[in-house]
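Here the structure is laid out as structure tokens; the discussion comes afterwards.
The values are calculated or read from the model by the stated rules, or taken from the named source; none is laboratory data. Being a predicted model, the structure only gives us computed values, none of them experimental. The protein model used for the area step is the full one, side chains on, heavy atoms only, and it has no ligands, DNA or RNA in it. Shrake-Rupley method; radii C 1.70, N 1.55, O 1.52, S 1.80 Å.
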Amino acid sequence: MANPKSQRTTLIGLVHMAAKQCGQDEDARRDFLETLTGKRSSADCSIGELERVVQAYTDRYGWRRLMASSSRSARYGRLWLRSMRSIILQMKA
């Protein structure tokens with residue numbers, strides 16, 4: 001099971017990410033949060049409340065967490081694969 005503090009921090013980040021990707025500014029995010037939890041700050045929410053907020057962004061706005069395909073690790077992974085492919089082709093020749 002995940003560390004509750006780490007899980008909570010991750011959920012708070014997801015709430016902020018979802019709000020930003022859905023085009024909400026800080027006031028709109030806080031209003032949405034207050035509507036769902038009665039609290040205006042995600043830091044005051046429990047893990048269950050944060051999960052409910054993330055789910056609400058998914059249900060109401062169609063938001064989904066996207067993994068960045070252009071992240072540094074993905075770029076290096078593709079570069080590594082290309083390099084290995086090139087080395088293998090050279091060895092066969």
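In summary, the lysines within cross-link reach of residue 5, defined as a Cα separation below 25 angstrom excluding same-chain residues under 8 places away, comprise 20, 39. Given the alternatives [x] 141; [y] 175; [z] 94, volume of the Cα convex hull per residue in Å³ as computed for this entry is given by [x]. Solvent-accessible area of residue 57, all protein chains in place: 0 Å² (probe radius 1.4 Å, heavy atoms, ligands and nucleic acids excluded).
Summarise the accessible area of the chain (1.4 Å probe, protein heavy atoms) by the percent that is carbon and sulfur. Mind showing how you got there, number by number?
On the way: 3740 of 6860 Å².
Whole-percent figure for carbon plus sulfur exposure: 55.
Per residue, the chain exposes an accessible area of 74 Å² to a 1.4 Å probe, with every protein chain left in place.
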